[in-house]
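The values are calculated or read from the model by the stated rules, or taken from the named source; none is laboratory data. Just so you know, these numbers come straight off a predicted model, no measurement behind them. Don't worry about glycine lacking a Cβ; one is built from the backbone with ideal geometry, like all the others, and counts go over all protein chains shown.
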Amino acid sequence: MTASAPPPAAPPAALPHPAPADASAPRSFLYYDYVMAAFVAILLLSNIIGAAKRSVVDLPVIGEWPFGAGVMFFPLSYVIGDMLTEVYGYARARRVIWTGFAALAFMAFMAWVVVALPPAPGWEGQAAYEQVFGNSWRIVIASMLAFWVGEFANSVVLAKLKLKDNGRRMGLRFVASTFVGQGLDSLIFYPVAFYGLDGWPTDALMQTVVSQWAIKTGWEILLLPITIAIVTWLKRREGVDLFDRGTNFSPFARAGE
């Protein structure tokens, strides 16, 4: 008797195409916690390291153009915010925004306590420490207010554009939501934090607001192919494409609404 050949091995199963679903549907996710951690980490680091430093570059034709140093990395928080809202829905993005807000508040409180502690005899770093971490109440309030308004505006615009377009034109809603959110962020932060202070003349302040807005939106456009690729991968890995139908868009809504 001739032995029959074994059947060919089945090809590996492809990742499922994400199924449209309402964002309110309860489910567990593989990567939500990691995306939230990345969002909070970038938010805190960009506020600690780059928020108060004003840099300047010499541009052809335009000449000297000032900008806030934090703009180099802070826009990544908006990129990740876009991913959160697009993949996991507004309600879960809202939870992350409040988490980031609480982290900013604790960071400001911790900085105030540590700076206020009396230095040990012979330690010569107090002045530099105060200069780096001793943010005024204006900077703290400006940072928290600008973040809160900008991030919620970004998330709401993105979620509603997704509903309006029925999920089409992903890149357009990423750029449009960033344009609104980052514009509000820059317009609130710099005037509230620095208006009237030495080293921040009014014309330089407004130039910084405009340059921040342009650079942050430009970052979103530059990173758009990477953002779309990561969002597409996340949707396939999570196996869902969420739409905020029936979602309560109030920042103060309870979890699950």
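Looking at Asp185, Asp198, which is the one that is surrounded by fewer than 18 Cβ atoms within 10 Å (Cβ to Cβ), out of contact with any strand residue (DSSP E or B) (no Cβ under 9 Å at 6 or more places or on another chain) and of a type in the set (Asp, Glu)?
Working: Asp185 fails: surrounded by fewer than 18 Cβ atoms within 10 Å (Cβ to Cβ).
That would be Asp198, the only listed residue that is surrounded by fewer than 18 Cβ atoms within 10 Å (Cβ to Cβ), out of contact with any strand residue (DSSP E or B) (no Cβ under 9 Å at 6 or more places or on another chain) and of a type in the set (Asp, Glu).
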- With criteria (1) touching a residue at least 60 places away in the same chain (Cβ under 8 Å); (2) in a helix (DSSP H, G or I), Gly167 comes up short on (2)
- Scan the stretch 106-133 for residues that are surrounded by 14 or more Cβ atoms within 10 Å (Cβ to Cβ) and of a type in the set (Phe, Trp, Tyr) and jot them down. Trp112, Tyr129, Phe133
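Is it the case that Ala105 is modelled with pLDDT under 80 and small (Gly, Ala, Ser)?
On the way: modelled with pLDDT under 80: no; small (Gly, Ala, Ser): yes.
Here the answer is no, as Ala105 does not meet what is asked.
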- Query: How many residues, within the stretch 213-234, are assigned to a helix (DSSP H, G or I), at pLDDT below 95 and in contact with a Leu (Cβ under 9 Å, 6 or more places away or on another chain)?
  - Reply: 2
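What do you reckon, is Arg254 surrounded by fewer than 15 Cβ atoms within 10 Å (Cβ to Cβ) and not small (Gly, Ala, Ser)? Steps first, please.
On the way: surrounded by fewer than 15 Cβ atoms within 10 Å (Cβ to Cβ): yes; not small (Gly, Ala, Ser): yes.
Yes.
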- Message: Pull out all pairs, ordered by first then second residue, where Cβ-Cβ is under 8 Å, the residues are six or more apart or on different chains, the first lies in the stretch 35-58 and is within 14 Å of Ile139 (Cα to Cα) and charged (D, E, K, R), and the second is at pLDDT below 85 and part of a helix (DSSP H, G or I).
- Response: Lys53/Ala69; Lys53/Gly70; Arg54/Ala69; Arg54/Ala204; Arg54/Thr208
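Inside the stretch 77-91, can you point out the residues that are part of a helix (DSSP H, G or I), more than 10 Å from the chain's Cα centre (by Cα) and over 17 Å from Val149 (Cα atoms)? Break it down stepwise before answering.
Here is the first cut: in the stretch 77-91, the residues part of a helix (DSSP H, G or I) are 77-88, 90-91.
Among the residues that remain, those that are also more than 10 Å from the chain's Cα centre (by Cα) are: 85-88, 90-91.
Glu86, Val87, Tyr88 - these are the residues of the stretch 77-91 that are part of a helix (DSSP H, G or I), more than 10 Å from the chain's Cα centre (by Cα) and over 17 Å from Val149 (Cα atoms).
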- Query: Is it true that some residue in the stretch 62-76 is loosely packed, with under 15 Cβ neighbours inside 10 Å, at pLDDT below 95, out of contact with any Ser or Thr (no Cβ under 7 Å at 6 or more places or on another chain) and not acidic (Asp, Glu)?
  - Reply: yes
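Residue-by-condition table, conditions (1) in a loop (DSSP other than H, G, I, E, B); (2) among the charged types (D, E, K, R); (3) at pLDDT 90 or above:
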site: Ala120; (1), (2), (3): yes, no, yes
site: Gln131; (1), (2), (3): no, no, no
site: Ser143; (1), (2), (3): no, no, no
site: Gly150; (1), (2), (3): no, no, yes
site: Ser155; (1), (2), (3): no, no, yes
site: Lys162; (1), (2), (3): no, yes, yes
site: Val175; (1), (2), (3): no, no, yes
